[in-house]
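The values are calculated or read from the model by the stated rules, or taken from the named source; none is laboratory data. The model shown is predicted, which means the values in this text are computed figures rather than measured ones. For neighbour counting, all protein chains shown are included, and Cβ atoms are generated from backbone atoms with ideal geometry for every residue, glycine included. Accessible surface areas use protein heavy atoms only, side chains included; no ligands, DNA or RNA. Shrake-Rupley method; radii C 1.70, N 1.55, O 1.52, S 1.80 Å.
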Amino acid sequence: MNADDTVPATRARITITEIARRAGVSVPTVSRVVNGRSDVSPGTRARVEDLLRLHGYRKRPAASRTRAALLDLVFNDLDSPWAVEIIRGVEEVAHAAGVGTVVSAIHGRSGDAREWMRNLRARASDGVILVTSALEPTLHEQLRILGVPLVVVDPMGSPAVETPTIGAANWAGGLAATEHLLSLGHRRIGLIAGPPRLLCSRARYDGYRAALEAAGLAVDETLVVPGDFRPESGFTGCTALLGLAEPPTAVFAASDQMALGAIEALRRRGLRAPEDMSVVGFDDLPEVRWSAPPLTTVRQPLADMGKLAARTVLSLARGERPDSPRVELGTELVVRSSTAPPRVAS
């Protein structure tokens, strides 16, 4: 049997998945080319069309309706206004591109993640945005085999080198928050830290430490308490700091929600911010400008992070590559009324 004799059998078996693998693009990208959509780069389109012709691929008869383009947006949990800001940014870009958004929470449980993967496979998603979550290596491999592009926002641990990540300048934000408190005259500055498994938490701690060391102060580990970004952990952490023989005069909470929990801990002891303790948060969620007192915080551009993640995953789905695999958006200190110089002992 000569080489030509094998062509009809090969043509009968070729699938979009195999075309995508050979072209080095995602399955949705091949689908776009097959369906004549315009949102594919010229180079990628030419490469896919060459393979389609080579293998004699024939488009299946049209179904009763065309599958909608979809993005999967996956969180660990959805119980935070922080998540709402990310969703708002992703949805703005997706809507403008005519793409639907499917929002899921996997709650850190492998069973939920596997169920999500089964659903994703059934709906043929065009791309995945993973936010402060981790997937098992086998699920990452399944995404790769399916040819579904992945972008990670605020990664947990170190993602694969080829996976694009979007974050904020967390180290600079932690530095700015602590330098602000130092500039007011505070020297005993507590930290309610975020989950250590998150790179953003570790970067905020490192910024806090760098500011203290630059001021000639050693980090007092008794002033560093754990948190999980939720208000309850801010309340618990601040209560622990207030119980010290010499409490701090100021606290940097690594999230706005923890900062609000800290202010509530002060209130329940008959104390106030900033008169008895200055408090700085991180995020600049919409509600903190209306808290009592309005919260000094570090603004991270959450909606912009969502927008950039959506633009990046859509460009990957078109067969394009990002200019840089790691992007950090700038943070900014926003000074309001929850910080002041320390009270002078009478």
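From most to least packed by mean Cβ count within 10 Å, the peptides 249-258, 325-334, 203-212, 115-124 give 249-258, 203-212, 325-334, 115-124. As a rough guide to protection, the peptides 227-235, 289-297 ranked by mean Cβ packing within 10 Å, highest first, stand as 227-235, 289-297. Estimated purely from DSSP H runs of n ≥ 4, each contributing -39500 (n - 2.57), the mean residue ellipticity at 222 nm for the chain is -13500 deg cm²/dmol once divided by its residues. Scalar couplings 3J(HN,Hα) for the range 322-327, obtained by applying the Karplus form with A = 6.51, B = -1.76, C = 1.60 to θ = phi - 60°, are x, 5, 9, x, 10, 10 Hz; x denotes Gly and Pro.
Whole-Hz Karplus values for the range 253-264 come out as 9, 6, 7, 4, 5, 5, 4, 5, x, 5, 5, 5 Hz, taken residue by residue from phi with 6.51 cos²θ - 1.76 cosθ + 1.60 and θ = phi - 60°; glycine and proline positions read x.
For Val334, the residues whose amide H sits under 5 Å from its own are Thr297, Val298, Arg299, ignoring neighbours fewer than 5 places away on the same chain, with H placed 1.01 Å from N. When restricted to Cα atoms, the range 182-224 yields an Rg and a Dmax of 10.6, 32 Å, respectively. Note on Arg114: accessible area is roughly 100 Å² with a 1.4 Å probe, heavy atoms of protein only. Where the alpha-carbon atoms of the range 130-226 are placed on the principal axes, they occupy 56, 22, 16 Å, in descending order.
The alpha-carbon positions of the chain define a convex hull whose volume is 155 Å³ per residue.
Phi-derived couplings, Karplus 6.51 cos²θ - 1.76 cosθ + 1.60 at θ = phi - 60°, listed residue by residue for the range 42-55: x, x, 5, 4, 4, 5, 5, 4, 4, 5, 4, 5, 4, 9 Hz, with x used for Gly and Pro.
In a fully extended conformation the segment linking Ser337 and Arg37 would gain 102.8 nm over its present Cα-Cα distance, using 0.36 nm per residue.
Annotation: amide H-H contacts under 5 Å for Val153 (H modelled 1.01 Å from N, sequence separation of 5 or more, or interchain): Leu130, Val131, Thr132, Ile166. Among the protein heavy atoms, those of Arg336 account for about 50 Å² of accessible surface (1.4 Å probe, every chain in place).
When all alpha carbon pairs of the range 214-346 are counted in 10 Å bins from zero, the resulting P(r) reads 12, 35, 27, 15, 8, 2, 0 %. Remark on the range 279-346: hydrodynamic radius 14.6 angstrom, per the Kirkwood mean of 1/r across alpha carbon pairs. To put it simply, the accessible area of the range 248-346 at a 1.4 Å probe is 51 percent carbon and sulfur. Quick check for you: with a 1.4 Å probe and neighbouring chains kept, what is the accessible area per residue of the chain, in Å²? That works out to 48 Å² for each residue.
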